[in-house]
Amino acid sequence: MKGELFILIAEAIAVYFLVLWAHSLRNRAGLAYFYALIGGLTAVMSWVTDAGVRVNLPHVSLMVGSTVFYTALLLGVFVVYVFDGVRATRIAISTIAGVSIMTPVIAFILHLQLKLSDAPLISRVPIPSLRINSASVVATIADFVFLAIAWEFLGKPRLNMPLWLRSFLTLLGVMWLDVILFSTGAFLGTPPYGEILTGTLLSRLIISLFAYPFLYLYLAKQNQKYGMVIEHRPVLAILKEVTEVRLELSLAQQEIERRKKVEREKEGLIEALQLALSEVRSLRGILPTCAYCKNIRDEEGHWHQLEEYIQSHSEAKFSHGICPECRDVHFPIVRDAPSGAR
């Protein structure tokens, strides 16, 4: 008994450290290795759970699949969501869900192929249970969605909850939700349902207390090492990707508006230039002008009146009047007439 418990604890510590270490490499190697690791752990969890491997203690039974591998996956998704955001978390959840679906399918096909070929069955690859695996997949996805919701809800400023309490309550809440969903989906209607439910709730409390120090120390260390401010996202951000989509749409909208403004400015400038060109025709160069009559000679040697030449070479129009000097010279009668006669 003690030997089995010691091995279980050692396995759990090793797998917890492996997952958190793989995540800590994200700044140097990205998250690809982390995703590959949790995919492999998901497959192992599925096989171990189907095999029913457990360690029995007084008044409680610890399933190796949930104690070691499911908890490790939960820690992995937890830290990915906190430090890497919604999109990375969705990739992690998709990886776990995809492998959870494929693993029992592969095991079933393998057993079917061996049966059809009359080969001896592989006893170490357990035959999957459709109900149990379906309940496991659904519960796992729901757990991770609830993790994000609980983390954001407990992080609201009005609650003013410290990091250690926020992380523990989130972890415990996910653990207990998984028990309710999985046990109900897999064993509801069977005689041991109530016993499984109560016993598993107690075992998950023990697992939470055991795994919590790993989670909290990692959160605090990463936050301190990289100077990260743990982001408070909107509740349900894991489902709607509110923050990232809003940011991308906002940036795209700003870029579209900027380009529209530039296009409008260009169109206005072109229109103004076209208007100016249509209104302005300038006279350039030296104009040969008669010293006496002031007529102007064009390029072909023909002489034109000043008004005619300017009107034909510009947009200007002439209207005629008489200046006071010419009036006095050419119309002296008007000049000498009494002011009242005018």
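The values are calculated or read from the model by the stated rules, or taken from the named source; none is laboratory data. What you see is a predicted model; the values in this text were computed from it and never measured. In this analysis, Cβ positions are derived from the backbone assuming ideal geometry, glycine residues included, and neighbour counts consider all displayed protein chains. Note: areas computed on protein heavy atoms with side chains; ligands, DNA, RNA excluded. Shrake-Rupley method; radii C 1.70, N 1.55, O 1.52, S 1.80 Å.
Residues are listed down the side, and each one gets a yes or a no for (1) of a type in the set (S, T, N, Q); (2) assigned to a helix (DSSP H, G or I); (3) at pLDDT below 65:
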| position | (1), (2), (3) |
| --- | --- |
| R204 | no, yes, no |
| I207 | no, yes, no |
| L215 | no, yes, no |
| M228 | no, no, yes |
| E231 | no, no, yes |
| E244 | no, yes, yes |
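List every residue pair whose Cβ atoms sit under 8 Å apart, with the two residues 6 or more apart in sequence or on different chains, where the first one lies in the stretch 61-88 and is within 14 Å of T140 (Cβ to Cβ) and without any contact (Cβ under 8 Å) to a residue 40 or more places away in the chain and the second, anywhere, is outside any helix (DSSP H, G or I) and open to solvent by 10 Å² or more (accessible area, probe 1.4 Å).
Here the result reads G65/V53, each pair linking the stretch 61-88 to a residue that is outside any helix (DSSP H, G or I) and open to solvent by 10 Å² or more (accessible area, probe 1.4 Å).
Here is a check on your reading of the model: is V53 in contact with a strand residue (DSSP E or B) (Cβ under 8 Å, 6 or more places away or on another chain), surrounded by fewer than 19 Cβ atoms within 10 Å (Cβ to Cβ) and closer than 24 Å to I13 by Cα? Before the answer, list the steps.
Working: in contact with a strand residue (DSSP E or B) (Cβ under 8 Å, 6 or more places away or on another chain): yes; surrounded by fewer than 19 Cβ atoms within 10 Å (Cβ to Cβ): yes; closer than 24 Å to I13 by Cα: yes.
Against the criterion (in contact with a strand residue (DSSP E or B) (Cβ under 8 Å, 6 or more places away or on another chain), surrounded by fewer than 19 Cβ atoms within 10 Å (Cβ to Cβ) and closer than 24 Å to I13 by Cα), V53 qualifies.
Just one of G194, G173 is under 22 Å from Y16 (Cα atoms), open to solvent by less than 70 Å² (accessible area, probe 1.4 Å) and among the small types (G, A, S); which is it? Break it down stepwise before answering.
Numbers: G194 fails: under 22 Å from Y16 (Cα atoms).
On inspection, the qualifying residue turns out to be G173.
For the stretch 56-65, enumerate the residues that are open to solvent by less than 30 Å² (accessible area, probe 1.4 Å) and in contact with an Asp or Glu (Cβ under 9 Å, 6 or more places away or on another chain).
As a first pass, look at the stretch 56-65 and keep what is open to solvent by less than 30 Å² (accessible area, probe 1.4 Å): 60, 62, 64-65.
Once the filter is applied, which keeps residues that are open to solvent by less than 30 Å² (accessible area, probe 1.4 Å) and in contact with an Asp or Glu (Cβ under 9 Å, 6 or more places away or on another chain), the stretch 56-65 yields V64, G65.
Counting only residues that are surrounded by fewer than 20 Cβ atoms within 10 Å (Cβ to Cβ), in a helix (DSSP H, G or I) and over 27 Å from the mean Cα position of the chain (by Cα), how many does the stretch 123-148 have?
Residues that pass the stated criteria total 5.
Within the stretch 304-327, can you find the residues that are surrounded by 14 or more Cβ atoms within 10 Å (Cβ to Cβ) and in contact (Cβ under 8 Å) with a residue 12 or more places away in the chain?
Scanning the stretch 304-327 gives L306, Y309, I310, H313.
Kindly provide the set of residues from the stretch 149-165 that are among the charged types (D, E, K, R) and either more than 22 Å from F214 (Cα to Cα) or more than 20 Å from the chain's Cα centre (by Cα) (or both), ordered by number.
Restricting attention to the stretch 149-165, the residues satisfying the condition of being among the charged types (D, E, K, R) are 152, 156, 158.
Matches in the stretch 149-165: K156, R158.
Can you tell me which residue in the stretch 266-290 is modelled with the highest pLDDT, limited to those that are within 30 Å of H302 (Cα to Cα) and among the basic types (K, R)?
Out of the qualifying residues, it is R284.
On the given criteria, is T200 of a type in the set (S, T, Y), under 21 Å from S134 (Cα atoms) and outside any helix (DSSP H, G or I)?
On the way: of a type in the set (S, T, Y): yes; under 21 Å from S134 (Cα atoms): yes; outside any helix (DSSP H, G or I): no.
Judged against the criteria, T200 is not a match.
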